[in-house]
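Accompanying notes for the structure given below.
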Amino acid sequence: MGVWESGSKQVACPFCDSSETEMIALFGQQMMTSQYYCRNCRSVFEAVKWDDPKAKVESEKPKDG
């Protein structure tokens, strides 16, 4: 297990849905993403680091107007 993987959530591969992934870079092209490698299909992909359900709920509220 790598330095960044300890305590992090398991990320599934978006191409093959495998959980056999490992973080290869703490930062992707954006500060909010990390780069991962899938051992199953050998793809490199990025995943969002933070998933804040509260922010999603706030953005879905109807606006009074």
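FYI, it's all coordinate maths here, none of it is from the lab. Because the structure is a prediction, the values reported are computed rather than measured. Every residue, glycine among them, receives a Cβ derived from its backbone with ideal geometry; neighbour counts consider all protein chains shown.
Potential lengthening of the chain between Met31 and Lys49 amounts to 5.6 nm, from the contour at 0.36 nm per residue minus the alpha-carbon distance. Karplus-derived 3J(HN,Hα) values for region 44-50, using 6.51 cos²θ - 1.76 cosθ + 1.60 with θ = phi - 60°, are 9, 8, 10, 9, 5, 6, 10 Hz; glycine and proline are entered as x. Taking amide H as placed 1.01 Å from N in the peptide plane, the amide H of Ser18 sits under 5 Å from that of Cys13, each at least 5 places away or on another chain. Coupling constants for region 12-20 follow from the phi torsions by the Karplus curve (6.51 cos²θ - 1.76 cosθ + 1.60, θ = phi - 60°), and in residue order they are 8, 5, x, 8, 10, 6, 7, 9, 7 Hz; glycine and proline get x.
I'd like the chymotrypsin sites (Phe, Trp or Tyr not before Pro) in region 7-52 restricted to DSSP loop residues with at most 10 other Cβ atoms within 10 Å, sorted by number. Intermediate results must be reported in sequence, preceding the final value.
Values: sites: Phe15, Phe27, Tyr36, Tyr37, Phe45, Trp50; in loops: Phe15, Phe27, Trp50.
Passing both the DSSP loop test and the Cβ count: Trp50.
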